[in-house]
Amino acid sequence: MGLAFLASVLLLMPLGIALVAAVTFGVALFLQSAYNLTIGEYIVNPWKHIPAATHEGSVLSTMLMGDFGIIKASEPAEQHARWISELGSVFRYRHMFGKPRIFISDPKALLYIHGPGRAYKYPKSTPTRVFLDAVMGEGLISIEGDKHRRQRRIISPAFTNAAVKELQPVMEKHGANLATKIGKIIDGSVDRRKGLVSKTKLQDGETPPDLAVHLHSYKGQVAVVDVLFWASRTALDVIGDAGFNYQFNSLEHGNEDELSEAYNNLMTACMDVDLFQAVTILLSEIPGLNWMRNIPTHRNKTIWSARATSGRYAKSIVARAKAEIAAEAAAAAGIPAGGLKSRRSQASLRTTPSSASLRQRAGHAASVADDSGDDKATNVDDLNPPQPSSRAQSVLTKDAFDDVQTTKSGSLLHRVIRANLAADLRPNERLTDEELEGVPSTFLLAGSETSATQTSWTLRLMAENLDVQERLRAEIMAAKKQHALEGNGAYEGCLLGDVHALPYLECCVKEALRLMTALPSTVREATEDDVVPLSKPYRNSNGKGTFDSVPIPKGHELFTPIAAVGLDTELWGPDAGEYKPERWMNEAKDLPASVKPLPGPGLYSFISGPRNCVGQRFAQTEIKVLLSHMLTNFKFEVVPGWELKQRQMIARRALVIGQEKYGTRMPLIVSRLESSSA
Ligand code: HEM
């Protein structure tokens, strides 16, 4: 009897806990919403004089979603652009549960909030940090204050123009691989996803939409290709190789690699934040409800498992890079290489890329693969680092290391580790091992999908603007010819010389970043009361008088509408919504005065200040390289009748209307150019 009672209590306990949790959840939600929409909105609101965004909606939807429902239902920046034209560049709106937010696209205000004097006083909002912490742990993107300042100081030098220039040949190798892959898809020998299939094979009893497009009227060899899918794989290969000397080989092998699978799981978790997840994150801010972050949902369990895997890999990747650097230092100090136990570390050392080293690494041959003759992706067991001799280790901490730093290059991670060993750093300024191990994941999560998405939108804009595509192709072809004639040491093995030396390419990439930026927004939270200055006075909500600054009480959130800044007709003029690369041709003369204060000048896609995108030069180089390889081999056209709708999933993605079940993608008609070698 006693046992049966105990058993039934134990069985009922989870049910009881779930019930209590659900009720707490509902009550907390209701109270927060009711407060925000009454006392919060009408009594304590510091922004009553600022025009408010409005939309039609039921009381229930307003209580739940505020104005966020209509923002989410619209394309990225679409609703914001509408409100800007109605209300101006500064207005207020309600986020979920009626939480007040201020929207500011005024350039002076943006530069102030994100600038050196204020950036750390306006950290990412708490829900954003909770979300980032859960998915990627502590890394440059998610940390704040002194911790961030310290990490940024060590990581930034890896991304200087000179450092990125040395990585262009690595990017070119993957650009050439992408062209070969797309060439094979067009031949019909490789399916859109993977494997060998005939061009007309039906899948699951139905013709995939890409195969149903009539291509008879197109010249030469042609196919419908999802350029986002392939750009994603290429970007993963690029960041693995250039970022931390890891060969994903995902263009060839997809997610077969364990780390690549873990990364994809994390990315899916990042991109797909459902309502339950959003509500849980918001509620978990309430004291006493923090446990909500640890509910073992399917999503959370996937994240925990993927993070465990990527953490394991990161340990090995960092240890190997450290050992390689120790070997370099030992060699520079005249210690024989025999001080190292394995020859693998020497094979995988990356010096300033030469054609020999590129050849060695070409065809996805990871250093590890040299031993096995197999070009499959590197496995974590292969990453067991060689141990440097004790003498080499002692050299690593001496000033002699500075010489090594100036003569050797390597992946971004190698550069970070070298910067972390600089003799002039105090011990408390150096990154800990744990922090170094966060670097590969940070590069992966920040630098893969962003570049891929941006590349796919740039190709789409090329397809929509065939005259621009032709003009750009001509510029790239001419540079290619010139490069072949002259050659150039630093760019040996590359299609072109310096991709940043091509003026029209620069304009096309910048214009795509303005019009279709991959990361459409970010949110900040004030840690102290402040007053944000504006570049001009704006009309008060009652139409009487104006305001030229915005009070921001501690704890309040500010929305930075990155995409809307690019679309703001007040800033860019009436043609803001059009793709016009030539507007960048003579920046000093042609850019509107209103956008010149923005970094670049005129480009806000990477925001500004100490929290701006540390990888922006890397991203722009990569996009230019991939674009050059694509345009010298293929022509890109839109598929007639296939309209796209955009979806903000952290990055801006596209779905084909009526084909939503195939997920986010960017299908284009791709035809091989006669001159193509792919
Ligand atoms: C077109 C591609 C890219 C775009 C549009 C982009 C945009 C951005 C933006 C807007 C931020 C600021 C986010 C915020 O503070 O809320 C950011 C931060 C960051 N990005 Fe990028 N990014 C791109 C590519 C890359 C690449 C290729 C890398 C690395 C290889 C990278 C690494 C980072 C890192 C580490 C941060 C955090 C910086 C910090 O807080 O100090 N990004 N990016």
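The values are calculated or read from the model by the stated rules, or taken from the named source; none is laboratory data. Bear in mind the structure is a predicted one, so any value in this text is a computation, not a measurement. Glycine also receives a Cβ, built like all others from the backbone with ideal geometry; neighbour counts cover every protein chain displayed. Note: areas computed on protein heavy atoms with side chains; ligands, DNA, RNA excluded. Shrake-Rupley method; radii C 1.70, N 1.55, O 1.52, S 1.80 Å.
In the stretch 64-78, the count of residues that are in contact with a strand residue (DSSP E or B) (Cβ under 6 Å, 6 or more places away or on another chain) and in contact (Cβ under 8 Å) with a residue 40 or more places away in the chain is one or more.
Out of L60, L64, L132, report the one residue that is more than 16 Å from the ligand (Cβ to nearest atom) and under 28 Å from I303 (Cα atoms). When all the criteria are applied, what remains is L64. Annotation note: of L603, L598, the sole residue that is under 17 Å from L519 (Cβ atoms), under 25 Å from the mean Cα position of the chain (by Cα) and open to solvent by less than 10 Å² (accessible area, probe 1.4 Å) is L598.
Residues are listed down the side, and each one gets a yes or a no for (1) away from the ligand (no atom under 14 Å from the Cβ); (2) at pLDDT 85 or above; (3) open to solvent by 10 Å² or more (accessible area, probe 1.4 Å):
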{"site": "K376", "(1), (2), (3)": "yes, no, yes"}
{"site": "V395", "(1), (2), (3)": "yes, no, yes"}
{"site": "D402", "(1), (2), (3)": "yes, no, yes"}
{"site": "A422", "(1), (2), (3)": "yes, yes, yes"}
{"site": "T432", "(1), (2), (3)": "yes, yes, yes"}
{"site": "E437", "(1), (2), (3)": "yes, yes, yes"}
{"site": "T453", "(1), (2), (3)": "no, yes, no"}
{"site": "N465", "(1), (2), (3)": "yes, yes, yes"}
{"site": "K480", "(1), (2), (3)": "yes, yes, yes"}
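Within the option set L626, L668, being open to solvent by less than 40 Å² (accessible area, probe 1.4 Å) and within 16 Å of the ligand (Cβ to nearest atom) holds for one residue only, L626.
Name the one entry in V550, V523, V565 that is within 15 Å of the ligand (Cβ to nearest atom), in contact (Cβ under 8 Å) with a residue 40 or more places away in the chain, surrounded by 14 or more Cβ atoms within 10 Å (Cβ to Cβ) and assigned to a strand (DSSP E or B).
Being within 15 Å of the ligand (Cβ to nearest atom), in contact (Cβ under 8 Å) with a residue 40 or more places away in the chain, surrounded by 14 or more Cβ atoms within 10 Å (Cβ to Cβ) and assigned to a strand (DSSP E or B) holds for just one of V550, V523, V565, which is V523.
Out of curiosity, is K645 in contact with a Leu (Cβ under 8 Å, 6 or more places away or on another chain) and farther than 30 Å from R152 by Cα? Let's see the steps before the verdict.
Values: in contact with a Leu (Cβ under 8 Å, 6 or more places away or on another chain): yes; farther than 30 Å from R152 by Cα: yes.
For K645, the condition - in contact with a Leu (Cβ under 8 Å, 6 or more places away or on another chain) and farther than 30 Å from R152 by Cα - is met.
Counting only residues that are in a loop (DSSP other than H, G, I, E, B), open to solvent by 50 Å² or more (accessible area, probe 1.4 Å) and more than 26 Å from I141 (Cα to Cα), the stretch 526-542 holds 2 of them. Reported count of residues in the stretch 421-475, each being closer than 30 Å to G641 by Cβ and of a type in the set (G, A, S), is 5.
Based on what the data block shows, is K147 within 13 Å of the ligand (Cβ to nearest atom), among the basic types (K, R) and closer than 20 Å to A314 by Cβ? Taking the combined requirement at face value, the residue satisfies it. Checking the structure you have, find out if any residue of the stretch 23-31 is modelled with pLDDT of 80 or more and not aromatic (F, W, Y). The answer is yes; a qualifying residue exists.
The requirement of being of a type in the set (F, W, Y), part of a helix (DSSP H, G or I) and under 19 Å from the mean Cα position of the chain (by Cα) is fulfilled somewhere in the stretch 242-259, by at least one residue. E56 meets each of the listed conditions (1) modelled with pLDDT under 85; (2) outside the structural domain of D575 (by TED's automatic domain parsing); (3) open to solvent by 90 Å² or more (accessible area, probe 1.4 Å) apart from (2).
When you check Y579 against the structure, is it part of a loop (DSSP other than H, G, I, E, B), away from the ligand (no atom under 16 Å from the Cβ), crowded, with 16+ Cβ neighbours inside 10 Å and aromatic (F, W, Y), yes or no? Break it down into steps so the answer makes sense when it comes.
Working: part of a loop (DSSP other than H, G, I, E, B): yes; away from the ligand (no atom under 16 Å from the Cβ): yes; crowded, with 16+ Cβ neighbours inside 10 Å: yes; aromatic (F, W, Y): yes.
The answer is yes for Y579.
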